[in-house]
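Visitor: Dumping the structure here so I can ask a few things about it.
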Number of protein chains: 2
Amino acid sequence: MPDKKKAVVLVSGGLDSTTVLAIAKSQGFDCYTMSFDYGQRHKSELHAAENTAKLLGATSHKVIKLDLSAIGGSALTDLDLAVPETETSPGEIPITYVPARNTVFLSIAMGWAEVLGAKDIFIGVNAVDYSGYPDCRPEFIQAFQAMANVATKAGVEGKGMRIQTPLIFMTKGEIIQKGIALGVDYAKTVSCYQANDLGQACGRCDSCRLRKQGFEQAGIEDPTPYQN
Amino acid sequence: MPDKKKAVVLVSGGLDSTTVLAIAKSQGFDCYTMSFDYGQRHKSELHAAENTAKLLGATSHKVIKLDLSAIGGSALTDLDLAVPETETSPGEIPITYVPARNTVFLSIAMGWAEVLGAKDIFIGVNAVDYSGYPDCRPEFIQAFQAMANVATKAGVEGKGMRIQTPLIFMTKGEIIQKGIALGVDYAKTVSCYQANDLGQACGRCDSCRLRKQGFEQAGIEDPTPYQN
């Protein structure tokens, strides 16, 4: 059997990261998936992450516990802050932004990649149909990769690390079309910021709105289980 | 009372980070200290961190739980790997290196700084009398700061983040002299990789060796409580 390349793939159980996992697999990577139990409002996305990782053939799935709610500042980790159900004004960073979240997740993924001897880390950030978070932009990814290459043994030894963001310039509709072509079952993914224990979506938060629009753009019937 | 500047200070309970906290205080910062319960071999450094933070007048001290042992690869978090008691060859990265540790710690500190509205993050890295870890070098710190400035709301709004490393070019002896001048009680700090529950040091690991040499360099009697 030919030697497969290893990659760490960050998965949240949502639409984007599940598509990223399908893309990494289609490129021949041996995928090590990683999720975070970081104090988010619901656990159904963690179940979805584990389930979709298995369905898409991940080699190993790891859940890291990390209490980001201890630093506060986000409606996604602080139950005293309500998840907004109306659109944020253009240019404004919404209250659902979790400070440093992607940086922290990528840092831990970088540590695992180093232990595994993997050069590639996949993350489902998107700078088109996105929520305006600073750590979803290409300039952030470039800066993180530059940092990773001086932060690690692999970097020091000149082997390099690559932060792969296959979705970064795709619309939500294009992401969905790509995933469907690769056999992703989106009914098993959870994107909603306030899903219930059954993984059913609210249909009203920012994340639900972007996802609904994506299925409309793609011309594909929305298979999301909604609460009502 | 004049408005104080806020800073997040990473403290491990060891000699270096305790000195950094004393320096940050002496520069007039209102210090928010942060430690990590990351699966290290012993908890006495966490007690030392809390204790020294209080003694040096930190405004608030936070301990973040994060299981880095889940990714493995280091003698500091994996009980199956022995802590070496002989010196590592020059140029070699020792087994006590925890992959991505400083990157992960700085990322979470960056998140807290953002929530607090602090621009400054202090970390006790040192590129002189150090263990050869890639994430203790100035090029890493510069790359991290560049990344922080595109990763965060504060960065996007042009307010900037500063990673402060006052010890980076100091010898261990100079660090100790500086700390003594600022009133640090080094008997209350724990540097040892395998200290016992009382915080007594082994006297043999890499960290103990560097610390002992530091007191010799500084011409100051070593107040460290040793196991024998």
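The values are calculated or read from the model by the stated rules, or taken from the named source; none is laboratory data. Nothing here was measured: the structure is a model prediction, and the numbers come from that model. Glycine also receives a Cβ, built like all others from the backbone with ideal geometry; neighbour counts cover every protein chain displayed.
Visitor: Could we say that B:P90 is farther than 19 Å from B:R137 by Cα, in a loop (DSSP other than H, G, I, E, B), at pLDDT below 90 and not small (G, A, S) here? Write out each step before concluding.
Guide: Working: farther than 19 Å from B:R137 by Cα: no; in a loop (DSSP other than H, G, I, E, B): yes; at pLDDT below 90: yes; not small (G, A, S): yes.
No, not satisfied.
Visitor: Does B:F122 satisfy being in contact (Cβ under 8 Å) with a residue 12 or more places away in the chain, more than 9 Å from every other protein chain (Cβ to nearest Cβ) and buried (at least 23 other Cβ atoms within 10 Å of the Cβ)?
Guide: yes
Visitor: Do you know which residues across region B:196-228 are of a type in the set (D, E, K, R) and in a helix (DSSP H, G or I)?
Guide: Correct list: B:D206, B:R209, B:R211, B:K212, B:E216.
Visitor: Condition test on A:I64, is it crowded, with 19+ Cβ neighbours inside 10 Å, at pLDDT 80 or above, within 14 Å of chain B (Cβ to nearest Cβ) and closer than 30 Å to B:F36 by Cβ? Spell out the reasoning first.
Guide: Values: crowded, with 19+ Cβ neighbours inside 10 Å: yes; at pLDDT 80 or above: yes; within 14 Å of chain B (Cβ to nearest Cβ): yes; closer than 30 Å to B:F36 by Cβ: yes.
So A:I64 fits the description; yes.
Visitor: Collect the residues in region A:39-49 that are touching a Gly at 6+ places or on another chain (Cβ under 8 Å) and surrounded by fewer than 19 Cβ atoms within 10 Å (Cβ to Cβ), keeping them in residue-number order. Quick ask: steps written out before the conclusion?
Guide: Narrowing region A:39-49 to residues touching a Gly at 6+ places or on another chain (Cβ under 8 Å): A:44-49.
Scanning region A:39-49 gives a single hit, A:H47.
Visitor: So, one more: Are there any pairs with C-beta distances below 7 angstrom linking a residue in region B:36-65 that is farther than 17 Å from B:Y186 by Cβ to a residue that is buried (at least 20 other Cβ atoms within 10 Å of the Cβ) and small (G, A, S), with the two at least 6 apart or on different chains, and if so which?
Guide: B:H42/B:A195; B:L46/B:G13; B:L46/B:S35; B:H61/B:A53; B:V63/B:S35
Visitor: Filter region B:205-226 for residues that are of a type in the set (S, T, N, Q) and within 20 Å of the chain's Cα centre (by Cα) and give the result.
Guide: B:S207, B:Q213, B:T224
Visitor: Checking the structure you have, find out if any residue of region B:36-54 is within 14 Å of chain A (Cβ to nearest Cβ), part of a loop (DSSP other than H, G, I, E, B) and modelled with pLDDT of 80 or more.
Guide: yes
Visitor: Give the residues of region B:138-156 that are within 14 Å of A:A146 (Cβ to Cβ) and free of Cβ contacts under 8 Å to residues at least 24 places away in the same chain, sorted by residue number.
Guide: B:E139, B:Q142, B:A143, B:Q145, B:A146, B:M147, B:N149, B:V150
Visitor: Can you pull out the residues in region A:93-122 that are in a loop (DSSP other than H, G, I, E, B) and modelled with pLDDT of 70 or more?
Guide: Of everything in region A:93-122, those that are in a loop (DSSP other than H, G, I, E, B) and modelled with pLDDT of 70 or more turn out to be A:V98, A:P99, A:A100, A:G117, A:A118, A:K119.
Visitor: Based on this model, can you work out whether A:T77 counts as at pLDDT 95 or above, surrounded by 21 or more Cβ atoms within 10 Å (Cβ to Cβ) and either in contact with a Ser or Thr (Cβ under 8 Å, 6 or more places away or on another chain) or among the hydroxyl-bearing types (S, T, Y) (or both)?
Guide: No, not satisfied.
Visitor: Scan region A:212-221 and tell me whether some residue there is under 20 Å from A:L56 (Cα atoms), among the hydrophobic types (A, V, I, L, M, F, W, C) and out of contact with any Lys or Arg (no Cβ under 8 Å at 6 or more places or on another chain).
Guide: no
Visitor: Among (1) under 16 Å from B:V20 (Cβ atoms); (2) at pLDDT 95 or above, where does B:A143 come up short?
Guide: Against the list (1) under 16 Å from B:V20 (Cβ atoms); (2) at pLDDT 95 or above, B:A143 comes up short only on (1).
Visitor: Restricting region A:1-20 to residues that are closer than 18 Å to A:M110 by Cβ and not basic (K, R), which is farthest from the chain's Cα centre (by Cα)?
Guide: Among those residues, the one meeting the criterion is A:A7.
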